[in-house]
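Nothing in this text is a laboratory measurement; each read-out follows from the coordinates by a stated rule. Please read all numbers here as calculations on a predicted model, not as lab measurements. Cβ: placed from backbone, ideal geometry, glycine included. Neighbour counts: every protein chain shown.
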Amino acid sequence: MPKRKLEEVVDGIFMEPVPITMGEEVKLKYKGGLAKQGATNIYLRSGYGFEEWKDVQDIKMKKNRDGSWGTSLVVNDSTRLNFCFHDGADHWDNNSGRNWSYEIHDGSLSDH
């Protein structure tokens, strides 16, 4: 099976697969503001839910040769995946305070 290319979902953020299904590994690549500003570390902060995030975690991203940063996580909740990025020195890329959120699908096919 050919390797799938990560899809740019918004400027500087790439994901695969889209849409997200419960139980899948999601790969993320970040080329946003923190990367452009030369951060020496970048972390993906992720969590699940709608109002308050639960199961919040910080995942250290790995710098790639092209200057982007990458990581992956297994989606283990069926609500909504929320995420943003930080450099560990209190500099954030959080979509102007809105973060990024993606609904998680259960993998079933719709009849419509």
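Worth a mention:
- Relative contact order for the chain, counting Cα pairs under 8 Å that sit 6 or more residues apart, in percent: 26
- Assigned charges on the beta-carbon of Lys, Arg, Asp, Glu; the chain dipole about Cα centre (debye): 660
- Exposure proxy ranking, count of Cβ atoms within 10 Å, fewest first, for 29, 63, 36: 36, 63, 29
- Under a 5 Å amide H cut-off, with hydrogens placed 1.01 Å from N, residue 13 pairs with 31 among residues at least 5 apart or on other chains.
- Under 5 Å between amide hydrogens, built in the peptide plane, is the criterion, and for residue 64 it picks out 69, 70 among residues at least 5 positions away or on other chains.
- Antiparallel %, DSSP beta bridges [both residues in the chain], to 5: 95
- Each Lys or Arg adds one and each Asp or Glu subtracts one; over the other residues with Cβ under 13 Å from the Cβ of residue 74, this totals -3.
- Cα gyration tensor shape of region 1-64, rounded if a/c is under 1.5, else prolate or oblate by comparing a/b with b/c: oblate
- Across region 99-105, computed HN-Hα scalar couplings (Karplus, 6.51 cos²θ - 1.76 cosθ + 1.60, θ = phi - 60°) run 6, 10, 9, 9, 5, 9, 8 Hz from first to last residue, x flagging Gly and Pro.
- Helix-only mean residue ellipticity at 222 nm for the chain, each DSSP H run of n ≥ 4 adding -39500 (n - 2.57), per residue, nearest 500: -500 deg cm²/dmol
- Cα gyration tensor, the chain - rounded (a/c under 1.5), prolate or oblate: oblate
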